[in-house]
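One structure is given below, encoded as C-alpha cells.
The values are calculated or read from the model by the stated rules, or taken from the named source; none is laboratory data. What you see is a predicted model, and the numbers here were worked out from it, not measured in a lab. Here the Cβ positions follow ideal geometry from the backbone for every residue, glycine too, while neighbour counts run over all protein chains shown. Quick note on the areas: whole protein, heavy atoms, side chains included, nothing else; ligands and nucleic acids left out. Shrake-Rupley method; radii C 1.70, N 1.55, O 1.52, S 1.80 Å.
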Amino acid sequence: MACDGLAARWILCFMLFLGFMVTFMLRANLNIAIVAMVKEPATANRSSGAGGDPAAQSGGQFDWDQLQQTVILSAFFWGYIVFQVPGGRVAEVHGTKRVYGAALGVNGILSLFLPLAAKCHWTLLLLMRALQGLAQGVVFPAMSAIVVRWVPMAERARFVSFAFQGASLGTVVALPMCGWVLHAWGWEAVFYVSGALSLVWTAAWWLLVFDSPEQHPRISDKEREYLALHLEPVKAEAPVVPWLAALKSRQFWLGNLAGIGNDWGFHTFFTLGPKYMKDALGFDVNQSSWLSSLPFLSQYVFAMLYGSLADHLLQRGVPLVTVRKVSVVVSHLLPVIGLLVLAYSGSQALLSVVVLTLSVTMIGAVTSGFFQMPMDIAPNFAGVLTGVMNGLGSITPVLSTPLAGVFLKNFDQRLQEGWKYVFWVAAVMYVVGAVPYLLFYRGQVEPWNDDGAKDSKDMPLKERNNKDQQTA
C-alpha cells in the first residue's frame with residue numbers, strides 16, 4: 001500500500017465488505033428459515049440424518065408445496081432485477097453513500113416485518129421479499145460507481161475481491177447464525193436479528209463513508225495526493241450515458257453473457273444449497289446450515305488469495321485480458337466439473353459436500369474476471385453498466401429457482417433424479433457464459449467512455465495504468 005496508516009479507501013473497503021455481509025444475511029435468512037416454516041408432508045420419505053431434530057423437520061406452520069416454496073425463494077429477485085440499471089445511475093448521480101446506505105437501511109426495516117407478512121398470507125411474503133430485492137438492486141452497481149473514484153487499477157483486484165467477498169463471508173456467517181437462532185428462538189427471530197444488524201451497519205456507514213477523496217474530511221494529505229496521481233480520470237458530474245454505443249459494444253455483451261452464466265450457477269448453489277443438504281443428503285436444519293456455509297468460507301479465503309495474485313500479475317506486466325480470461329476459466333469452467341459430479345453422486349454425503357465446497361470455492365475468481373468488465377471498458381459509466389450486467393444476471397434466479405421447483409416436484413419420489421436436472425442445467429449455463437468471453441473479450445477501454453479524450457480508442461487498461469503498476 002502506498003500510504004502509511006489506515007487509509008480512507010481501506011476503511012471504505014471494510015465498510016463495503018461488512019455491507020455485503022449484511023446484504024447476504026438478509027438474502028439468506030429466508031433460505032434457512034423456510035425449512036422450519038414449512039410443514040413436512042406426512043408421507044414424505046426423508047432421511048433425518050444422524051442427530052436429526054424431528055421437530056425442526058416436521059413442525060412448520062405453513063402448508064406450502066415445493067413449487068410455492070421455490071417461487072417464494074425467487075421473489076427477492078423480482079424486485080432485484082428492476083432497480084439494477086436505475087440504481088447504478090442514481091449512484092453515479094447522487095453518490096454511493098446515500099444510495100448504498102439507504103438500500104440496507106430499508107432492507108433491515110422490511111426484514112423486521114417478514115414474519116408478520118408470512119402469517120398474513122404467503123403472497124404478502126412474496127411482495128415483501130420483492131421489495132427487499134428492489135432495495136438491494138443498487139448495491140453492486142453502487143460499488144462499481146465508488147470504486148472508480150477511490151481505487152487505483154493496481155489495487156483494484158484486491159479491493160474488489162475483499163469488498164465483494166463480504167457476500168461470501170456473509171453467507172458463512174448467516175447460514176449457521178440463522179440456523180442457531182432458528183433452533184434457539186424460532187424462525188421469526190431469524191428475521192428480527194438480521195434486520196437489527198442491518199440497521200446498526202447503516203448508522204456506521206453514514207458516519208464513516210464519503211463518495212470521493214475530495215469530499216472526505218479526514219483523509220490524509222498523503223493519501224489524497226497519491227490518489228490524485230494514480231486514479232483514472234472520472235468526470236465529477238455524471239455524463240449522459242451513451243446507451244446506443246454501449247448496446248452495440250461486443251465487449252459489453254460478452255461480459256453480460258459471462259455474468260448470466262455465473263449468476264445461474266451461483267444461485268443454484270446459494271439459494272438451493274440448504275434445500276439440497278436437507279432433502280437430498282438428509283442433514284437436519286442445524287447441520288445443513290453449517291455445512292451449507294462451508295463452501296462460502298472456502299470461497300472467501302480463495303478470493304482473497306486469488307485477488308492478490310491477480311494484482312501481482314498485473315504489476316509484473318501480464319496483460320489485463322489474460323488475467324481476466326484465466327479468472328473466467330477458474331470461476332466458470334471448474335465449477336462445471338463439480339456440477340456434473342454432483343449430478344451423479346447420488347446420496348453420497350461426503351463426496352457431495354467436498355465437491356460442492358470446491359465448486360463454490362472456484363467462484364471466488366469472479367471479482368478478478370468478468371465482474372470488472374464495466375470498470376475495464378467504461379469507468380465513467382461503471383455504475384450503470386454494472387447495473388445492466390447485474391440486472392441481466394439477476395433474471396436467472398427468477399427462472400432457475402422455480403425451474404428447480406418444477407424438477408423437484410415432478411420427481412418428488414425420486415429426488416436425486418430431480419437434482420440431476422438442476423445441476424445439468426447450471427453446468428450448461430456456465431459453459432454458454434464462459435466460452436464466448438474466452439474467445440473474444442479484449443479488456444480495452446471503449447471510445448465512447450470519454451468522447452473528448454485523445455487516443456482513448458481501443459487503449460488497453462494495462463497501458464493506461466502503467467504508472468500505477470510501477471509505483472504501487
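Rundown of residues vs (1) open to solvent by 50 Å² or more (accessible area, probe 1.4 Å); (2) closer than 30 Å to residue 182 by Cβ; (3) modelled with pLDDT of 90 or more, yes/no style:
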residue: 285; (1), (2), (3): no, yes, no
residue: 291; (1), (2), (3): no, yes, no
residue: 297; (1), (2), (3): yes, yes, no
residue: 300; (1), (2), (3): no, yes, no
residue: 305; (1), (2), (3): yes, no, yes
residue: 318; (1), (2), (3): no, no, yes
residue: 332; (1), (2), (3): no, no, yes
residue: 335; (1), (2), (3): no, yes, yes
residue: 338; (1), (2), (3): no, yes, yes
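Within segment 340-352, the residues that satisfy the criterion of being at pLDDT 85 or above and part of a helix (DSSP H, G or I) are 340, 341, 342, 343, 351.
If you check residue 200 against the conditions, is it closer than 30 Å to residue 360 by Cβ, free of Cβ contacts under 8 Å to residues at least 40 places away in the same chain and open to solvent by 50 Å² or more (accessible area, probe 1.4 Å)?
Details: closer than 30 Å to residue 360 by Cβ: yes; free of Cβ contacts under 8 Å to residues at least 40 places away in the same chain: yes; open to solvent by 50 Å² or more (accessible area, probe 1.4 Å): yes.
So residue 200 passes the test.
Does residue 195 satisfy the condition of being touching a residue at least 60 places away in the same chain (Cβ under 8 Å), under 30 Å from residue 329 (Cβ atoms), of a type in the set (Gly, Ala, Ser) and in a helix (DSSP H, G or I)? So residue 195 does not fit the description; no.
Go through (1) at pLDDT 85 or above; (2) open to solvent by 10 Å² or more (accessible area, probe 1.4 Å) one by one and return the number of the condition residue 173 breaks. Exception for residue 173: condition (1).
Just a yes or no: is a residue in segment 162-175 aliphatic (A, V, I, L, M) and not in a helix (DSSP H, G or I)? Even if it seems obvious, please write down each step before you answer.
Within segment 162-175, the first condition is being aliphatic (A, V, I, L, M), and the residues that meet it are 163, 167, 169, 172-175.
Still in the list and also not in a helix (DSSP H, G or I): none.
No.
Criterion applied to 322, 271 was being at pLDDT below 90, hydroxyl-bearing (Ser, Thr, Tyr) and surrounded by fewer than 24 Cβ atoms within 10 Å (Cβ to Cβ), and the one residue passing it is 271.
Which one of 35, 138, 99, 93 is at pLDDT below 85 and either surrounded by 21 or more Cβ atoms within 10 Å (Cβ to Cβ) or touching a Leu at 6+ places or on another chain (Cβ under 8 Å) (or both)? Even if it seems obvious, please write down each step before you answer.
Working: 138 fails: at pLDDT below 85; 99 fails: at pLDDT below 85; 93 fails: either surrounded by 21 or more Cβ atoms within 10 Å (Cβ to Cβ) or touching a Leu at 6+ places or on another chain (Cβ under 8 Å) (or both).
None of the others qualify; the one that does is 35.
Among the residues that make up segment 428-449, is at least one of them in contact with a Pro (Cβ under 9 Å, 6 or more places away or on another chain), open to solvent by 10 Å² or more (accessible area, probe 1.4 Å), assigned to a helix (DSSP H, G or I) and at pLDDT 90 or above? Within segment 428-449, one or more residues are in contact with a Pro (Cβ under 9 Å, 6 or more places away or on another chain), open to solvent by 10 Å² or more (accessible area, probe 1.4 Å), assigned to a helix (DSSP H, G or I) and at pLDDT 90 or above.
Tally up the residues in segment 159-187 that are of a type in the set (A, V, I, L, M) and touching a Gly at 6+ places or on another chain (Cβ under 9 Å), please. So the count comes out to 3. When residue 220 is tested against the conditions (1) among the small types (Gly, Ala, Ser); (2) within 28 Å of the chain's Cα centre (by Cα); (3) farther than 30 Å from residue 128 by Cβ, the lone failure is (2).
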